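Data block below; observations after.
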Amino acid sequence: MRHYNANRKLGRKRNQRKALLKSLAYSLVLKGKIKTTEAKAKELRPFVEKLVTLGKKGTLASRRTLVSRAGTSAAKKIMAVLSPEYKSRAGGYTRITKMVRRASDGAPMAVIEFVK
C-alpha cells in the first residue's frame, strides 16, 4: 500500500528523480519558462517554490542549500533576481498552463513559468 506517499515516481529511481528535478529547476530558473509533461511540471512546482522561499532568507546556509539543490548559476539568480522580486509575495511563484497533448505518444504537456 502507498499510504502517505504523495510524490510521483516519474518512472525513475530516487537518484534519477532527484537529478531530473534538479535539472528541470535549473532550466526553469535560468529561462523563466519551460515546456514539459504535466506530471513533471506538477512535481517541479513545490520543489522550485521551496527554493525561492529559501532564497528569500538570504543566509549563507540557505545559499549553500540552493547550490546543492539547483546548481551554482541558478542559486545566484534565485538570490539576486527572483527572491527580491517575490519578497512581498507569500508563495505561489509559479504557474502551470496545460497545452495540447504531445503528438508522438499523447502525453499531456504543460508550460511552467514564474508569475510576474
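Readers should treat all values here as calculations from the given coordinates under stated rules, not as data from a laboratory. Fair warning: this is a prediction, and the values are worked out from it, not measured in the lab. Note: ideal-geometry Cβ built from the backbone for every residue, glycine included; neighbour counts use all protein chains shown.
Some observations on this one:
- Just one of the numbered conditions (1) buried (at least 17 other Cβ atoms within 10 Å of the Cβ); (2) without any contact (Cβ under 8 Å) to a residue 12 or more places away in the chain; (3) within 16 Å of Ala39 (Cβ to Cβ) is not true of Ser62: (3).
- Checking each residue in region 70-98 for being touching a residue at least 24 places away in the same chain (Cβ under 8 Å), under 15 Å from Ser27 (Cα atoms), out of contact with any strand residue (DSSP E or B) (no Cβ under 8 Å at 6 or more places or on another chain) and surrounded by fewer than 20 Cβ atoms within 10 Å (Cβ to Cβ) picks out Gly71, Ser73, Lys77.
- Qualifying residue in region 28-43 (condition: touching a Lys or Arg at 6+ places or on another chain (Cβ under 8 Å) and loosely packed, with under 15 Cβ neighbours inside 10 Å): yes
- Scan region 44-55 for residues that are touching a Phe, Trp or Tyr at 6+ places or on another chain (Cβ under 8 Å), surrounded by 18 or more Cβ atoms within 10 Å (Cβ to Cβ) and over 16 Å from Arg17 (Cβ atoms) and the total you get is 1.
- Selection status of Lys40, within 26 Å of Gly106 (Cβ to Cβ) and not in a helix (DSSP H, G or I): no
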